[in-house]
Amino acid sequence: MPLRELVCALAVVFIVLAMPVLAGAQDCLEAESTKPCGSNIGACESGTQTCQDGGWTDCEGGVEPILEICDNGIDDDCDALTDECLESVWPLMIMVGVLLLFVMLMLIKMGF
């Protein structure tokens, strides 16, 4: 068996054997135990997952991120940045647009 085929076969065997172990790491053992989930960054608040039937429930009771609302002084999308809205990129977008227009006009003038 060529080395390349052997490496591929070993990789497949590893994946097949490792997947149940890795998936099992997410399972819980003690019924009704809880763990925190989600984020406490910005406007977000952590929720709780509960162990039920050997697995963790969905995250409950937390505050999830939403789209950033400009100029409200709150990190709505929970990325540790406050009010990062499109207004700040408009000058850059205009400069890129002007540059692209210039390049396009030069290409047309050159016969492309």
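The values are calculated or read from the model by the stated rules, or taken from the named source; none is laboratory data. Since we're looking at a predicted model, the values are computed, not measured. All Cβ positions, glycine included, derive from the backbone under ideal geometry; neighbour counts span all protein chains shown.
Before moving on, here are some points about what is shown:
- All positions within segment 55-74 that are farther than 26 Å from THR34 by Cβ and within 18 Å of the chain's Cα centre (by Cα): LEU67, GLU68
- Residue in segment 57-67 that is of a type outside the set (S, T, N, Q) and either at pLDDT below 85 or touching a Leu at 6+ places or on another chain (Cβ under 9 Å) (or both) present: no
- Residues satisfying the stated conditions in segment 54-84, i.e. more than 30 Å from ALA31 (Cα to Cα) and either loosely packed, with under 11 Cβ neighbours inside 10 Å or small (Gly, Ala, Ser) (or both): LEU67, ASP71, GLY73, ALA80
- Hits in segment 21-38 - residues which are within 19 Å of GLU60 (Cα to Cα) and modelled with pLDDT under 90: GLN26, ASP27, CYS28, GLU30, ALA31, GLU32
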